[in-house]
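None of the figures in this text is laboratory data; all of them are computed from the coordinates on show. Since the model is a prediction, treat every value here as computed from it, not as a measurement. Cβ placement follows ideal geometry from the backbone for every residue including glycine, while neighbour counts extend to all protein chains displayed.
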């Protein structure tokens, strides 16, 4: 198969020369490929994601028979490496799923600016997606069209809440209200009031609610500010002081690979804040549950998960790629995202449609309007070019904090601030 | 022993064809043809060496002196990468420490276990073949499968912690709890101690029996016979295993990547991050090719230093049979 | 230590007759220790079997037991029927391994022979280089090789995994050279008198005699490529091109967020990954045994 196709192009020989000691820069781009080649679309995720994307592509091809799309699913862990190989090799994906690390690519000039293409296609991101429309801009240029976008919501176990006579969580809950409810719901060693404190999108919500930011307006890290310290301390205390959130050890006792996403369906935790995907584990449960918007601190703020579709600079079929993206983010295609229960579509019209508010696979009454409601107060996360390093540094820096070995958020964040400052030298 | 055969054999082969000595003219054309054939025959190696080793090495030195994201042209930065790694990158030092930790415990542990088991198997035990097979079996399992197996074995309610449970102890969270992640990796490597066992066992069989018989007459105990006869004879192979073991341990990658997947278990990954996973991350998820190349050279340096130390100390403890003769 | 292999067998016979000296006497303690060690080492393997045979429900609960309680043998056929192309993974592994083995056997034999028998200026220096290259960790060349293969457009093909094998490798060259040095040189001299060229000698006389060492090299290469994870991880993108070693990991990496990976399928995959290696070792034991030892201790100096 692939074995027989040893393509020794001129470029190939140049490469050989480089290996033999003559260092050449990867100069010439290979000649334009034929336009009959299918568009390559890279996405990450698991099997359900593959199915949903494929269904959307099938719709696209039905509607536009001139477009062919080859879907390539890559595990999240190796996604950055695989797309790098493709881009740097001159065969960047025509359609490329991007998320928080989008500016790793846009800052390195590897993504196509989409403003002109959008204008020609009469696609107005603000109108189609609301405030999310401009999420993937870097230095005032648009680099990706939003595709999926859902805020963190609070999943709660209705049965447990009813039994304790606690009213459902609302967007107007304060931190104290939340803590009181969690304490009430906790049965030591058996049930925890809440889960979802230690992952960065979760405690960032609290930091932003408290008026803090992770990266300040000047592009400098700002995690050691009083606001962020207070928020992290509150989150940490939920685990180690009030013991209303399971610690890592508690999760481990529940079984292998168990976190909040599994503990909630297993009725080990009464509330859980996380993304839309938690629902996939909830379609078969026997207890009553619902979702609510994230509570508030000094102000309202919540993290959102999402991704967009971009075109790599090396794509040879820009117009076709954009045509495909235009369709993939249209109401028709986006309806598939919710029909299969994969995620929240970014398209506002779909978010407000019956298809979204009452999905066919949902057996219980779930207040899906929460997503639209929450999108009003989603905070804008710092999509810096060093995103991947920043997230790794944060999870490294706070490892001891979440293990309960370093109980002071102030100390943990002061150390983290130093690490981040070493990493992010480029402030705007 | 082989050390004595090798040098002997080569000159031996070289001497013979010279003996018939026909006409000089013919000989020299033959010689030239022979030399030509030699170069032709070894050309696969030469090409491979130039294209896949020497060329890349030179390129790697160059990359390590640049700031290069693999998309845009490299920027020359001199020794900045090395300076930053050594003076301003806590993660590098942590990875280095983790690598040392792993190598310093897993390699000697594997050797001691291997030696101990080999000594047991070297006795006149029944069903020796069966025992040998069972001990060697784990080493035949590919690393990926081993790592998958140990993800389950080391799970919080897996067999190991079940075993602790028998004694009323609650086992640690091997793969989650920072200080236990490295021991988990070491445990996994100890499962493969059988690799050394088989080599050592074969070497034990080669020790002249008369030595033991003489010691027996002198009334030496089994333990004493082990320390004064078996062990000294095994030092060359122990030494070989030590070097290879260290080199391999410094390059540990798949175990970390699979046992403690970064995406699902960032805290565990962080606690166990060793040099090669760090290099991999820098190159392929942060796109810092130059920085990663610098890491690879520092890794090489570390391996080199250890190998040199090992060789330097051989005179003191490695016993070559040739020296006795 | 080249001579080791033969005495081993001889001594084995002696063992049975002579009364044991203390060092070789097996006590109940010996048996006890061996039994415990064997049990400990075997437990993970039994556990794998147990997981492989468990139902999906057990997987979701994470309620595995060491000794199998359920016997879902159909998992072994089911694994080929899921969305994950395990059959393709297996085929890819076979293809990559076979070509790699062929490459190493063909190239290392020739190069090793040349180093052992043919005379040419600069030979010794070159051999020193061969030995020295064994020291270089693969990580040094990882990035430039990746760039090289990327520029050749070989990424996402089997070529980066196979082609380098056709250029031999230092350890194998060394093994062959040692092996040939030990063979009597009368045969090839006689052949030379008959007017055979050097390649003719290699092909007709040497190659058949190199069988044991080439088989051992084949086994080494096979085990290495079959289990290789990093190479495929770097070079292969499409799941349709992944070998089993990467495929097994891919199954766990793409499991749905919020759900446990299908551990029973993963373990079936792991068993499929391990079984051929056990079989190969069993069949090739005697060659491996011989080469491992001679190669091993000779490498010391």
Nearest 10 degrees, 0 to 90: helix A:79-88 Cα axis against chain A principal axis: 20 degrees
At q = 0.14, 0.18, 0.20 Å⁻¹, what log₁₀ I(q)/I(0) does segment C:82-203 have when each alpha carbon counts as one equal point scatterer in the Debye sum? -0.78, -1.06, -1.18
Taking Cα atoms, the helix C:28-52 axis meets the longest principal axis of chain C at an angle in degrees (rounded to 10) of 60 degrees
Nearest 10 degrees, 0 to 90: what angle lies between the long axis of helix A:10-19 and the longest principal axis of chain A (Cα atoms)? 60 degrees
If I model segment C:58-105 as equal point scatterers sitting on the Cα atoms and use the Debye formula, what is log10 I(q)/I(0) at q = 0.13, 0.26 Å⁻¹? -0.54, -0.96
In the protein assembly as shown the DSSP beta bridges are antiparallel at a rate, in percent to nearest 5, of 70 percent
For segment B:104-167, rounded, prolate or oblate, judged on the Cα gyration tensor with a ≥ b ≥ c (square roots of eigenvalues), a/c < 1.5 rounded, else prolate if a/b > b/c? prolate
Among C:43, A:153, rank each residue by its count of other Cβ atoms within 10 Å, from fewest to most, as a rough exposure measure. C:43, A:153
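Give the calculated FRET efficiency between residue A:109 and residue C:33 to the nearest 0.05, with a Förster radius of 60 Å applied to their Cβ-Cβ distance.
Calculated value: 0.40.
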Cα-only radius of gyration and Dmax that characterise segment C:24-119, units Å: 22.9, 68
Within a 10 angstrom radius of the beta carbon, how do A:322, B:49 rank from fewest other beta carbons to most? B:49, A:322
Among B:195, B:283, B:220, whose mean-square fluctuation peaks in a Gaussian network model of chain B (Cα, cutoff 10 Å)? B:220
Where a ≥ b ≥ c are root eigenvalues of the Cα gyration tensor, a/c under 1.5 meaning rounded, otherwise prolate if a/b exceeds b/c and oblate otherwise, segment B:23-64 counts as prolate
Which one, C:189, C:239, C:70, has the greatest fluctuation when you compute a Gaussian network model over chain C with C-alpha springs under 10 angstrom? C:189
Over segment C:15-78, equivalent-ellipsoid semi-axes from the Cα gyration tensor in Å: 41, 13, 7
Projected area of the protein assembly as shown, taken from the Cα convex hull and averaged over every viewing direction, in nm²? 45.6 nm²
Over chain B: helical MRE at 222 nm, DSSP H runs n ≥ 4 each giving -39500 (n - 2.57), nearest 500: -23000 deg cm²/dmol
Highest-fluctuation residue, B:90, B:73, B:108 considered, GNM on chain B with Cα pairs under 10 Å: B:73
Using only the alpha-carbon atoms of chain C, report the extent along each of the three principal axes, biggest first, to the nearest angstrom. 73, 67, 34
Centroid-to-centroid separation of segment B:76-144 and segment C:63-105 [C-alpha atoms, Å]: 27 Å
Given 10 °C, 1.306 mPa s and a Kirkwood radius over Cα pairs, the Stokes-Einstein diffusion coefficient of chain A in µm²/s is 68 µm²/s
Please work out the ratio of the alpha-carbon Rg of segment B:80-324 to 2.2 N^0.38 Å and round it to two decimals. 1.18
